[in-house]
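Have a look at the structure below, then the notes.
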Amino acid sequence: MASIRRTLSPAYHGRSLPNGVSPFTVSSPSHKFLYSGNYSSSSSRPLDRFDVGFRRFFARVLYQRQSRKGSQTWRRTIFRFLVCFLLGFLVGLTPMPFGEVEDSNAKRRDFSFEIKANPVNVEQDLSNVVTQEKFVVETVNLGVENRFNFSPRKQLIVITPTYNRPLQAYYLNRLGHVLRLVPPPLLWIVVEMNSATMETSEILRKTGVMYRHLVCKKNGTNVKDRGVHQRNTALEHIEHHKMDGIVYFADDDNIYSIELFESLRKTSRFGTWPVAMLAHNKNKAILEGPVCNGSQVVGWHTNEKSKRLRRFHVDMSGFAFNSTILWDAKRWHRPMSGPIRQLDTVKEGFQETTFIEQIVEDESQMEGLPHGCSVIMNWHLHLEARNFGHPKGWVLQKNLDVVIPFQ
Amino acid sequence: MAKWVALFSLLCLSVLGIQSKELERTQHTERISGSAGDVLEDDPVGRLKVFVYELPSKYNKKILQKDPRCLTHMFAAEIFMHRFLLSSPVRTLNPEEADWFYTPVYTTCDLTPNGLPLPFKSPRMMRSAIQLISSNWPYWNRTEGADHFFVVPHDFGACFHYQEEKAIERGILPLLQRATLVQTFGQMNHVCLKSGSITIPPYAPPQKMQAHLIPPDTPRSIFVYFRGLFYDVGNDPEGGYYARGARASVWENFKDNPLFDISTEHPTTYYEDMQRAVFCLCPLGWAPWSPRLVEGVIFGCIPVIIADDIVLPFADAIPWEEIGVFVAEKDVPNLDTILTSIPPEVILRKQRLLANPSMKQAMLFPQPAQSGDAFHQILNGLARKLPHDRSIYLKQGVKVLNWTAGPVADLKPW
């Protein structure tokens, strides 16, 4: 009852309590019930009745003290106390607000439980880590809460080379949001040229995806080879750390669907699929990738004459492979003949095929995804202008101090 | 009648509900309370008086002039403590009323070209300073240094050597046997930690760290973060000695674990990355302490301390077990299981304790000094040791210290 007294006094603050009536006036409305029954009709609004009845009650009390005789006053007093007791008892019984708080806690725990259902044995659910602090490590708690039967998900290692150009922020943001939707575990390796700029770091940090920001320190590279060196930096990192997962090269200016990443997880050694593209003169849509029978690769789509001499007609974003191939030669029965890297000595368009030749021997070691290779899961539209002159870094220190070569 | 009762009870309950909800919303940091943590907010002014000896500038200013890098390396606490005391209200110019005496001698300011301090001249320098104060003032001889304190932030404190074996061999400088030592090094049952010493954090430049703060609502998407050496190829080519093999164990066990973002490369986004990490490893190196502890506390990353028997800064004022995670060196191979099995509530609680501003302040040496910072914690520690026991005051002519003890090379004048 003491607590009720405290909470009620601010509520009653507005009302002037005449004659030093104690704040213990919980009983007042109940008394109003007793005395005002004769006076106001039951159809009037409760709050109006409340106010009117309150005032009437005080008038009654004062009036009664003077006029009624001893025994009746005594009975009324007892009645008053009984009603107060009843009201206090009722209020004390109801645990609603505290129950609400506990309930909401339970709800939060339930929600976190859902997230816990997903995680993998050792690999963690960290891409679910969103802005609110309370969820930061809801997902960490795995081995202990393993009530659900789930098979561990394969880790995806997505390599994205990036460099400064006008739409860099747009592409990184877009790709970051896509990757955030992919169920974990996923590790995003972003490779930048020369130095890790603060602006790129900020964009990456906000995505909430588990990422590693690497730097490729190679000066004065040919434009066509910049991506090659950046991807090689990432491959070196994977080899050095002996990471286990499916490696996928995802350039920031392509468009990906979530089904793509689901299919990637089904890869065991080397997976490939058709990628939709625009032809060089942009007047038609073409496919680059395998022709499959079920999950067997039986042929390739070919397009330009200049690229007919390739062994494998695959786009950089049209294949994925198991990262252990890079450092575990024994498992894949490969000869240990130096690190597997993309080559910067081949002409434009041949980087993919020369790289894949180092990973697999022939089409029998490839898997076509999804079944029948009949679904397009990502698009590579060469919409960017080549050899675009862009100043180094994000911020222009001097006005337009750029030399744009004429072609 | 029942309608009124119902309406009334509804009113009461809604008011109660609002009150309880408000109580819930205001919890974002947690006060470090209990027997230890309240002490962080004590104000030492008025509780003690410190007298600062006026030493010739060859002991302090001239050394600093020769190499200003001493102001930014992790041993800069000795210099900043001197500057703080000179202008602090606890300083007294009357030595008769002083409780503690401070000797400003910068023993850790003899740097190699790489910036690492050479401790070879430090014992002689300290000895020369003590000889000066004992001959020019009577207060040293009164107690043989028991009410004097010295700041010795080097690797192994007053043992004045960077190699542990040599430091143990030398032991604490004999002349400092009775004095209170304020040092960074702290390891239990070790020769170089005297009982009664005050352990302080290594110096970390506050402005540099403040300049790299990122929005606090950035998601912490790294689970475990560490940047630093795993093998010290220059000094320990075969491995096994450096960090007692603990760092090498971390690398070999977890280099391929995607939860562990560990590497030897020092990125430009080092401080930002710590702010988006849940755990930051603080393994021992050549010495058990490391500036990573300070960085972790400032950036809200829970420190994972892998250093057996370490004594952390202000251990009597900060409840480190509740804030950090301690992993024994032999348990390093199970580090991932240990860290992933910590319940989320525990982690959130630790993050709230770390978010407490008094916690962060206590680890910093800001210029100018602010209340609750490391300078004040040192003074609090000194104040807690007061009043001095009567027995430290020696009778006339009684000598306890042996002025000729120690290696012969130390006895040469500086």
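The values are calculated or read from the model by the stated rules, or taken from the named source; none is laboratory data. None of these values were measured; they are calculated from a predicted model. Virtual Cβ from ideal backbone geometry, glycine too; neighbours counted across all protein chains shown. SASA here: full protein model, heavy atoms, side chains in, ligands and nucleic acids out. Shrake-Rupley method; radii C 1.70, N 1.55, O 1.52, S 1.80 Å.
Key figures
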{"quantity": "Within region B:332-342, considering residues that are farther than 11 Å from B:LEU259 by Cα and open to solvent by less than 50 Å² (accessible area, probe 1.4 Å), the one farthest from the other protein chains (Cβ to nearest Cβ)", "calculated": "B:VAL332"}
{"quantity": "All positions within region B:75-102 that are within 13 Å of B:TYR53 (Cβ to Cβ) and in contact with a Leu (Cβ under 7 Å, 6 or more places away or on another chain)", "calculated": "B:ARG91, B:TRP100, B:TYR102"}
{"quantity": "Positions within region B:183-229 being more than 19 Å from the chain's Cα centre (by Cα), away from every other protein chain (no Cβ under 12 Å) and not in a strand (DSSP E or B), in sequence order", "calculated": "B:LEU213, B:GLY228, B:LEU229"}
{"quantity": "The one condition in (1) part of a helix (DSSP H, G or I); (2) of a type in the set (A, V, I, L, M); (3) open to solvent by 40 Å² or more (accessible area, probe 1.4 Å) that B:LEU353 fails to fulfil", "calculated": "(3)"}
{"quantity": "Sole residue being in contact (Cβ under 8 Å) with a residue 60 or more places away in the chain, closer than 25 Å to A:TRP379 by Cβ, crowded, with 22+ Cβ neighbours inside 10 Å and within 11 Å of chain B (Cβ to nearest Cβ), chosen from A:LEU186, A:LEU260, A:LEU175, A:LEU204", "calculated": "A:LEU186"}
{"quantity": "Residue within region B:241-263 that is within 26 Å of A:GLN155 (Cβ to Cβ), more than 14 Å from chain A (Cβ to nearest Cβ) and touching a Gly at 6+ places or on another chain (Cβ under 6 Å) present", "calculated": "yes"}
{"quantity": "Checklist (1) open to solvent by 30 Å² or more (accessible area, probe 1.4 Å); (2) closer than 28 Å to B:GLU78 by Cβ; (3) of a type in the set (A, V, I, L, M, F, W, C); (4) under 22 Å from the mean Cα position of the chain (by Cα) applied to B:ILE378, failing item", "calculated": "(1)"}
{"quantity": "Scope region B:274-294; condition open to solvent by less than 10 Å² (accessible area, probe 1.4 Å) and within 14 Å of chain A (Cβ to nearest Cβ); matching residues", "calculated": "B:MET274, B:ARG276, B:ALA277, B:VAL278, B:PHE279"}
{"quantity": "Within region A:163-279, strands (runs of 3 or more DSSP E) holding 2 or more residues that are of a type in the set (A, V, I, L, M)", "calculated": "A:186-193, A:211-216, A:246-249, A:275-278"}
{"quantity": "Count of residues meeting criterion [hydroxyl-bearing (Ser, Thr, Tyr) and surrounded by fewer than 22 Cβ atoms within 10 Å (Cβ to Cβ)] in region B:107-151", "calculated": "6"}
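Table: residues versus (1) touching a residue at least 24 places away in the same chain (Cβ under 8 Å); (2) surrounded by fewer than 23 Cβ atoms within 10 Å (Cβ to Cβ); (3) of a type outside the set (D, E, K, R); (4) over 28 Å from B:GLN367 (Cβ atoms).
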{"position": "B:THR184", "(1), (2), (3), (4)": "yes, no, yes, no"}
{"position": "B:MET188", "(1), (2), (3), (4)": "yes, yes, yes, yes"}
{"position": "B:SER195", "(1), (2), (3), (4)": "no, yes, yes, yes"}
{"position": "B:PRO206", "(1), (2), (3), (4)": "yes, yes, yes, no"}
{"position": "B:ASP217", "(1), (2), (3), (4)": "no, yes, no, yes"}
